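Here the structure comes first, spelled out in C-alpha cells, and everything after it is commentary.
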C-alpha cells in the first residue's frame with residue numbers, strides 16, 4: 001500500500017497516456033495519490049482528476065514561482081475549493097529563490113496569506129522550499145503554521161533545518177533524489193526523521209528516480225523511492241510502505 005503524497009499527473013506531459021500511467025501506479029501497489037494544483041491553470045485540472053478517481057486527492061494553492069500572477073479573489077477561490085471533499089491540503093506554497101520569476105517580497109506575502117487561510121479553515125499545508133530554508137522556517141514560525149502542520153515537500157535541507165520543521169509539527173517527504181548516488185544529504189536526513197513523520201512522493205513528471213533519471217517521472221515510480229527509503233532505514237518495502245501510508249492517511253484525512 002504505497003502513497004504518492006505529491007505528484008502532477010494533470011501535467012501536459014501525461015496528456016497522451018494519463019490513464020495508462022495511473023493504471024501502472026495501481027499495478028505497482030499505489031493505493032492513494034495526492035495530486036497538486038498550484039496556479040490558475042492547474043488547480044481545476046487537478047480537482048477534475050481527483051473527482052475522476054476515488055483514490056486520487058488534491059491539494060490546491062499558489063506556487064511561489066507564480067506568486068506575481070495572483071490576483072484579487074484568487075485566495076477566496078482557493079478557500080471555496082477547500083470545502084470540496086477531495087481537497088486535503090493547501091499547497092504547494094512557499095518560497096523559491098532559485099527561479100527569478102516572482103520578487104521575494106511578493107512570494108513572502110502570498111506565502112503568509114495562504115498560511116493564514118490554512119489556519120482559518122484548518123487544513124494542513126504543503127511547502128515548496130528551494131534555496132530559501134531560513135526564510136521558510138522563519139515565516140512558518142511567525143505565522144503559527146504549527147497549528148495546522150503539513151508536509152515539507154521533496155525535502156532538500158540539512159538535518160538542522162529538518163529538526164526545526166519537525167519542531168513545528170511538519171512531516172518530511174522524500175522523492176527521487178534519495179535514489180541518486182551523489183545525494184548524500186537527503187539520505188542522511190531520511191535516516192534520522194522519526195518514522196511517524198516520514199512521507200514519500202514522486203513530484204512527477206519531475207525528479208525521476210534512478211534508473212529512469214533523465215526521463216519523465218510518473219507516480220508508479222514511488223515504488224523505487226520506497227525501495228530506496230527502506231534500504232536506508234533497514235526496513236522491508238512492505239514496512240516502509242505501511243508506515244508512510246499510515247502517516248499520509250492520518251495527516252491528510254485520506255480514506
Cα-based convex hull, the range 163-255, per residue volume (Å³, whole number): 99 Å³
Based only on Cα atoms, what Rg/Rh ratio does the range 1-79 have, Rh being taken as Kirkwood's radius? 1.02
Based only on other Cβ atoms within 10 Å, what is the fewest-to-most ordering of 58, 245, 161? 161, 245, 58
Compute the label zone of residue 191 within the range 221-255: residues whose backbone N is under 16 Å from the point 7 Å along Cα-to-Cβ. 228-235
Dividing the Cα convex hull volume of the chain by residue count, how many Å³ per residue is that? 113 Å³
Run the quick spin-label model on residue 210 and residue 97: label points 7 Å from Cα toward the beta carbon, then report their separation in nm to one decimal. 3.0 nm
Among 52, 112, 18, which one shows the highest mean-square fluctuation when the chain is modelled as a Gaussian network with alpha-carbon springs under 10 Å? 52
Taking only C-alpha pairs under 8 Å that are 6+ residues apart, what is the relative contact order of the chain in percent? 20 percent
In Å and on Cα atoms, what radius of gyration and Dmax does the range 117-175 show? 10.6, 31
Length gained when the stretch residue 17-residue 72 is fully extended (0.36 nm per residue, less Cα-Cα span): 16.2 nm
At 0.36 nm per residue, and after removing the present C-alpha to C-alpha distance, how many nm does the segment from residue 80 to residue 28 gain when stretched out fully? 15.3 nm
Each label sits 7 Å from Cα toward the beta-carbon; between residue 146 and residue 134 the label points are separated, in nm, by 2.2 nm
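All of the numbers you see were taken from the coordinates with simple rules; none came from a lab. Keep in mind that what you see is a predicted model, and the values were worked out from it rather than measured. Note that we place each Cβ from the backbone using ideal geometry, even for glycine, and neighbour counts take in every protein chain shown.
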